[in-house]
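I have placed the structure first, in the form of structure tokens, so that the comments after it can refer back to it.
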């Protein structure tokens, strides 16, 4: 399973959610986590079909997209939405 986060250094919601991101990385240590910056990683981000709202988190299993978490969330919302996606196919 793989989780990709796309954000930007100038994005207040992305900055706020950094601590949540670090928490879930520890909780799901068996999952591969990657991060891309909208401005600095244009080639990688261009392949992901990212919309206008950041951050955007994409969950994959066996190279199949399971879902996306888009926009600012509370820690509880983020952990629940991510957990639902992770549990969806596990």
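Just so it is clear, none of the values below were taken in a lab; they were calculated from the coordinates. If you're wondering where the values come from, they're calculated on a predicted model, not measured in any experiment. Here the Cβ positions follow ideal geometry from the backbone for every residue, glycine too, while neighbour counts run over all protein chains shown.
What does the highest-first list of 62-71, 76-85 look like by mean Cβ count within 10 Å?
76-85, 62-71
Using only DSSP helix segments of four residues or longer, with each worth -39500 (n - 2.57), what per-residue ellipticity at 222 nm results for the chain after dividing by its residue count and rounding to 500?
Numbers: 3 runs with 36 residues, N = 90.
Rounded to the nearest 500, it is -12500 deg cm²/dmol.
Of the listed values (1) 3, 9, 6, 7, 6, 7, 7, 5, 6, 5, 5, 4, 4, 4, 4, 3, 3, 3, 2, 2, 2, 1, 0; (2) 2, 12, 17, 19, 18, 12, 9, 5, 3, 2, 0, 0; (3) 3, 14, 28, 27, 19, 8, 1, identify the label whose number matches P(r) over Cα pairs in 5 Å bins from 0, in percent calculated from this model.
Calculated P(r) over Cα pairs in 5 Å bins from 0, in percent: the matching label is (3).
Would you mind ranking 34, 29 so that the residue whose beta carbon has the fewest other beta carbons within 10 Å leads the list?
29, 34
Length gain on complete extension for the stretch residue 19 to residue 52, per 0.36 nm per residue less the alpha carbon to alpha carbon distance?
Additional length available on full extension: 9.7 nm.
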